[in-house]
1. Calculate how large, on average over all directions, the projected area of the Cα convex hull of the stretch 126-181 is; give the answer in nm² to one decimal.
2. Please list, ordered by chain and number, the residues whose modelled amide H lies under 5 Å from the amide H of Phe79; skip anything fewer than 5 residues away on the same chain.
3. So, R0 is 51 Å and r is the distance between the beta-carbons of Tyr98 and Phe257; what FRET efficiency does that work out to, to 0.05?
4. Subtracting the Cα-Cα distance from 0.36 nm times the residue separation, let me have the gained length for Glu198 to Ser81 in nm, one decimal.
5. Provide, in order from the shortest bin, the percent of all Cα-Cα pairs of the stretch 54-132 in each 10 Å bin, continuing until the bin that contains the maximum pair distance.
6. Over the Cα atoms of the stretch 90-189, compute the convex hull volume and normalise it per residue, giving Å³.
7. Once fully extended, how much extra length lies between Ala215 and Glu169, figured as 0.36 nm per residue of separation less the alpha-carbon to alpha-carbon distance?
Amino acid sequence: MVFARISVRLAVSEDNLGEKGVLTTLSSRETSELIGIMQDLTRLSNSLELRQRVGERLLGLLNADFFASYVADTSGRGFASRVSVNMAPDNLKLYETYFQYRDPITQKLASRRQAAHVNEVIAQSDLEKTEFYNDFLQRDGLHHGVNYHAHDGSVHVGDLRVWRSRAKETFGRREIDILQAVGTAFSNALIQHRRFAENLRQLDPLHTLESLAEALSLTPREAEILSCMTHYGRDQHIADHLGVSITTVRTHIQRLFQKAGVNNRTALVAKLMAARSN
């Protein structure tokens, strides 16, 4: 487990772990969950899948019961692109259509730009008097909450909303420090994904893709996958567009990486940008 702790230290800045260095207090199970999260953040190229997987692991890491994650929509007035764990889809649809516009906590938590307990923005006794608590949170059993909201400049790029049931004790400073550490790495990963997508949109698709396909001796299917990456981004959307499995898409993407001599999408964008300039 010594090597595991070293790898976590390399992935997470000590500056984000509180004055007492929360890493030194992690159990073997918690260390394993944290390592898994850091591996997912570097391995997963799909932002939706990344948020889902991090949420699943956070429940174990923080001894929590419920998770949801959203991204601010393009208007900046609401949240969309939901993933969740242990929450009823119908209840979350009510949040998206009604309760998010009567939510007394989330915008305040988002403005903090760091891991924060819900009770930092509203007293628990006051929260329990609200329609939001009684008709939304309590329907799934959410009682104690912490949030982390990631931003790229002024743009909200994703969040981590973690909750416990009433049967458990509330989150303490230790759990908030752990969430801050995970959130910092989570934020960096989402920012990289966003900038990857922006760089793709700036490319001249026809000229650049034809040039790169010829230079790398891509098969017709590989060239098609590359073209879809510039239009659809997410692996599942590419698979749906082409009518193939997501496994097939990812196999072709790995072959693209090999032929381009890169190991991730960011490096592939650099290749595309270089091809455009030639």
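1. On the way: hull surface 20.2 nm².
Result: 5.1 nm².
2. HN-HN under 5 Å from Phe79: Asp73.
3. Numbers: r = 44 Å, r/R0 = 0.86.
Plugging the Cβ-Cβ distance into 1/(1 + (r/R0)^6) gives 0.70.
4. Details: separation 117, 0.36 × 117 = 42.12 nm, distance 1.80 nm.
Gain in length upon complete extension: 40.3 nm.
5. 15, 45, 38, 1
6. Numbers: hull volume 10.2 nm³, N = 100.
Cα-based convex hull of the stretch 90-189, divided per residue, equals 102 Å³.
7. Working: separation 46, 0.36 × 46 = 16.56 nm, distance 5.94 nm.
Contour length minus Cα-Cα distance gives 10.6 nm.
Read the figures in this text as sums done on the coordinates, not as results from a lab. Values in this document were obtained by computation on a predicted structure and should not be read as measured data. Here the Cβ is made from the backbone with ideal geometry for all residues, glycine too, and neighbour counts use every protein chain on show.
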